[in-house]
1. I need the full set of residues from region 145-178 which are closer than 21 Å to residue 61 by Cβ, modelled with pLDDT of 90 or more and surrounded by 12 or more Cβ atoms within 10 Å (Cβ to Cβ), in order please.
2. Which condition breaks for residue 138 when tested against (1) assigned to a helix (DSSP H, G or I); (2) open to solvent by 90 Å² or more (accessible area, probe 1.4 Å); (3) at pLDDT 80 or above?
3. Can residue 37 be described as open to solvent by 40 Å² or more (accessible area, probe 1.4 Å) and modelled with pLDDT under 90?
4. What pairs can you find where one residue is in region 153-172 and of a type in the set (Lys, Arg), the other is surrounded by 11 or more Cβ atoms within 10 Å (Cβ to Cβ) and outside any loop (DSSP other than H, G, I, E, B), and their Cβ atoms are less than 6 Å apart, with a gap of 6+ or different chains?
5. Restricting attention to region 40-64, which residues are under 14 Å from the mean Cα position of the chain (by Cα) and surrounded by fewer than 14 Cβ atoms within 10 Å (Cβ to Cβ)?
6. Looking only at region 141-178, which residues are farther than 18 Å from residue 79 by Cβ and not in a helix (DSSP H, G or I)?
7. Can you list residue pairs whose Cβ atoms sit under 8 Å apart, with the first residue in region 1-22 being under 21 Å from residue 147 (Cα atoms) and assigned to a loop (DSSP other than H, G, I, E, B) and the second being modelled with pLDDT of 90 or more and β-branched (Val, Ile, Thr)? Count only pairs 6 or more apart in sequence or on different chains.
8. As an exercise: evaluate residue 78 against (1) crowded, with 21+ Cβ neighbours inside 10 Å; (2) modelled with pLDDT under 90; (3) of a type in the set (Phe, Trp, Tyr) and give the number of the one condition it does not meet.
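The values are calculated or read from the model by the stated rules, or taken from the named source; none is laboratory data. This is a predicted model, so every value here is computed, not measured. Cβ: placed from backbone, ideal geometry, glycine included. Neighbour counts: every protein chain shown. Calculation scope for accessible area: heavy atoms of the full protein, side chains included, ligands and nucleic acids excluded. Shrake-Rupley method; radii C 1.70, N 1.55, O 1.52, S 1.80 Å.
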Amino acid sequence: MSYYFTIVGTRDNPLFELEFGTSKLGGDGTARFRDEAKYMNQFIIHAALDMVEEVQWANKDLYLKRVDTFQNNHIHTFLTGGNVKFMLLMNPDPQNATYSQYANSPPSRPNTASARQSAGLLAANPTSQATEEAVKVFMGEVYENWVKCLMNPFYQANQPVTSPIFRSRVQAAAKKYL
């Protein structure tokens, strides 16, 4: 499974981006997205912001769970108190995701019945309860590191995070939980 994690600021601007792969079940932690997915992932996340804005008012929790699905990409979101969004796009089989090879318009939402039939493992089933729990714990740890980053007197709100320490801590959390 490949992941694309981004932090979106209050002005819907990206503050931090990271691609990584699963470290569970023998994974090496490397993202396996196709070349065009680098840009498509950004578009998919940005398109999911509309769904986040709808869900955030109906949910009292900071972790909004899976808010959107697009062509086998599942988007999970965590909101901070300052309306900064942590968004995780997960794709269980990125090599089979074809964004530009459709003769007709692709369906905007995949059939969820086929997703339920996949294995119960975290790396194989992005819709399982274990996956939701792992993503929730991952987001919680990233949030702790985010708060530490915000407390830095040299960081200005809504500016990209360039700290190598923050990046390494997010990578460590991803390796630990995802």
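1. Of region 145-178, the ones closer than 21 Å to residue 61 by Cβ are 145-147, 150, 173, 177-178.
Then keep just the ones that are modelled with pLDDT of 90 or more; that gives 145-147, 150, 173.
Within region 145-178, 145, 146, 150, 173 meet the criteria.
2. Residue 138 satisfies every listed condition except (2).
3. Answer is no for this residue.
4. Close Cβ pairs (under 6 Å, with a partner that is surrounded by 11 or more Cβ atoms within 10 Å (Cβ to Cβ) and outside any loop (DSSP other than H, G, I, E, B)) amount to 169/145.
5. Within region 40-64, 43, 47 qualify.
6. Within region 141-178, 151, 152, 153, 154, 155, 156, 159, 160, 162, 163, 178 qualify.
7. Within 8 Å, the pairs are 9/84; 10/84.
8. Answer for residue 78: the failing condition is (2).
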